[in-house]
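A quick write-up on the structure given underneath.
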Amino acid sequence: MTSPRTQPPVSFDLADQEEIGALFAEAMTAAGLDGARIFAALAAGKSMSEALALPDGAVDFIYSRAHQWFAIGRADRAEPLFRTLCLLTGQADHFVGYGLCLAQRKALDAAASALNCALRLRPGWALPHLRLAEVALRQGDRDEARRAFAGYEAARLADGGADPLDAEAARLKRLLEFGVGSAGGEAWP
C-alpha cells in the first residue's frame, strides 16, 4: 500500500474527465452554481478561485483570517479555512497551513499528505521539510524523520542566510540524534 508520504497525484484520462465533468456540473447546478462553466474553466487550467470568479481580495481575506485563527491557537477554526484555500488556489503556503492544523489535532497521515503537496508545489522550500520531519518523528518513523530533516538542511543550504526556524530545527536535530520521539511523543511545539 502506498503511504500518504509517497502517494502520487490523481490524474484522469479524457473519458474520465468528461464523466466527472458531467457529475460535477450536476452537483454544482443542484447547489445553484453553473457547474458546466466552472468545470470547463478548471479543465482549461484555471484555479478554482478563477473558475468561481471570486472577487479580488477574497483569497487574501480568507488567508488572513486562517492565519489569525492559527496564531491565537485556534487551529480548529483555521483548518477549514486552510482546506478551502488549498482547493481555491493550490498554493504551497496554504497546504503548509492546512498540514499544521492537521498535525495539531494529531491527524498525522493527513498532515504528511498536505505537507508533501506543499513540497511538490515548492520543492526548495525548507519549512515543509522541517514540519514533515516533526510529523514523522511523532509517528515513530525515525528514518522518514531523518530524510525529511536532511531535505530541510539541503533547502536551508540552498537558501542561505538566517532562518527564524533555525532554533526549532536545532531542537529537532537533537531529538533525532538522541533517539527521542515515538508515535505518542510530542515533537511538535
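None of the figures in this text is laboratory data; all of them are computed from the coordinates on show. Predicted model, so just to flag it, every value in this text is computed and none were measured. Every residue, glycine among them, receives a Cβ derived from its backbone with ideal geometry; neighbour counts consider all protein chains shown.
Can we say VAL59 is under 24 Å from LEU127 (Cα atoms), crowded, with 20+ Cβ neighbours inside 10 Å and touching a helix residue (DSSP H, G or I) at 6+ places or on another chain (Cβ under 8 Å)? Reasoning before the result, please.
On the way: under 24 Å from LEU127 (Cα atoms): yes; crowded, with 20+ Cβ neighbours inside 10 Å: no; touching a helix residue (DSSP H, G or I) at 6+ places or on another chain (Cβ under 8 Å): yes.
Against the criterion (under 24 Å from LEU127 (Cα atoms), crowded, with 20+ Cβ neighbours inside 10 Å and touching a helix residue (DSSP H, G or I) at 6+ places or on another chain (Cβ under 8 Å)), VAL59 does not qualify.
If I ask for residues that are of a type in the set (Gly, Ala, Ser) and not in a loop (DSSP other than H, G, I, E, B), which ones from segment 52-97 would you list? If the condition is that a residue be of a type in the set (Gly, Ala, Ser) and not in a loop (DSSP other than H, G, I, E, B), then ALA58, SER64, ALA66, ALA71, ALA75, ALA78, ALA92, GLY97 are the ones that fit. For SER49, the conditions (1) within 19 Å of LEU121 (Cβ to Cβ); (2) small (Gly, Ala, Ser); (3) not in a helix (DSSP H, G or I) are fulfilled apart from (3).
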